[in-house]
1. For Ile186 and Ile52, FRET efficiency with R0 = 41 Å and r from the beta-carbon atoms, rounded to 0.05?
2. Mind checking which aspartates and glutamates have their C-alpha under 13 Å from Lys174, skipping anything on the same chain fewer than 8 residues away?
3. Using a Cα-Cα cut-off of under 13 Å, which aspartates and glutamates could be cross-linked to Lys8, ignoring same-chain neighbours fewer than 8 residues away?
4. How many nm separate the modelled label positions at Lys168 and Tyr150, each set 7 Å beyond the Cα in the direction of the Cβ?
5. Would you mind telling me which residue in Ala57, Ala48, Ala39 has the biggest mean-square fluctuation in a Gaussian network model of the chain, where springs connect alpha carbons within a distance under 10 angstrom?
6. What order, most packed first, do the peptides 142-150, 77-85 have when packing is the mean number of other Cβ atoms within 10 Å of each residue?
7. In nm, what is the difference between 0.36 nm times the number of residues separating Glu36 and Phe125 and their Cα-Cα distance?
8. Using Stokes-Einstein with the Kirkwood hydrodynamic radius over Cα pairs, what translational diffusion coefficient do you get for the chain at 10 °C and a viscosity of 1.306 mPa s, in µm²/s rounded to a whole number?
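Where a number appears in this text, it was derived from the coordinates with a stated rule and is not lab data. Keep in mind the model is a prediction, meaning the values are calculated, not measured. In this analysis, Cβ positions are derived from the backbone assuming ideal geometry, glycine residues included, and neighbour counts consider all displayed protein chains.
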Amino acid sequence: MQYDSHQKFSPTTIFLHWLVGLMIIGMLASGVYMVEENAYWVFSWHKAFGFIVLFLALARAAWRLKNGWPTSAGDYSALVHGVAKVIHWVLILSTLLMPISGLMTSVLGGHGLSVFGLEVFAQNFSVEDPEKTLPINYELSKLGGTVHHYLGYVLIGAVVLHVAGALKHHIMDKDGTLRRMVGKSI
C-alpha cells in the first residue's frame with residue numbers, strides 16, 4: 001500500500017478526499033434545497049447517501065490516522081499551520097458528525113432508515129394507528145436534529161475556507177498543494 005510523501009499523495013488519499021468532498025458538497029446542497037424548497041421527496045435520497053457518506057468518512061478518518069497528516073508543501077508561519085490544522089480537523093469531525101446526527105434524528109425519531117430500498121433501521125409505527133410514526137427517543141432525536149442543522153452551517157463554512165485555502169496555495173503561493181491533491185508530484 002502506498003502512503004503519502006511530501007512530493008505526492010497516495011491514490012487512497014486522493015480518492016477518499018475527492019469522493020467524500022464531492023459527496024459532502026452534494027449532501028449540503030440537497031439539505032439546503034430540501035429545507036428552502038420544502039422538497040421533502042429528497043429526504044430518502046439524502047438519508048441513503050448520508051449513510052454511505054458515514055462509512056466513507058470513517059474510512060477517510062481511519063486512513064488519515066494511519067497515514068498521518070501530510071507535510072506542508074510550503075514554508076508557512078505557525079499561525080497559518082494552526083489555522084489549516086483546525087480547518088482539517090473541523091472537516092474530518094464534521095463529515096463524521098453530520099451523518100451520525102442525521103441518523104440520530106431519523107432513527108430515534110421513529111422514521112427508520114432505508115438505503116435504496118434496503119431497510120437498515122425499521123420505522124417505529126404506532127400500534128393504535130399504523131400510519132403514525134412514534135419516536136423511539138424524542139429528546140435524542142431533537143438533539144440530533146439541532147446538531148445536524150447547526151453543524152451544516154459550520155461544515156459549509158469549513159468547506160468554503162478549505163477551497164479558498166487550496167486556491168490561495170495554487171494561485172498565490174504556487175506551492176504545489178493542489179497539484180498533490182490531483183495526483184501530481186511537486
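1. Numbers: r = 32 Å, r/R0 = 0.78.
The formula returns an efficiency of 0.80 here.
2. Within the straight-line limit of under 13 Å, Lys174 reaches these aspartates and glutamates: Asp75.
3. Asp175
4. My value for the distance between the label points is 2.6 nm.
5. Comparing Ala57, Ala48, Ala39 in the GNM, the peak value goes to Ala39.
6. Top to bottom by mean Cβ count within 10 Å: 142-150, 77-85.
7. Length difference between fully extended and current span is 29.2 nm.
8. On the way: Rh = 18.2 Å.
The diffusion coefficient I find is 87 µm²/s.
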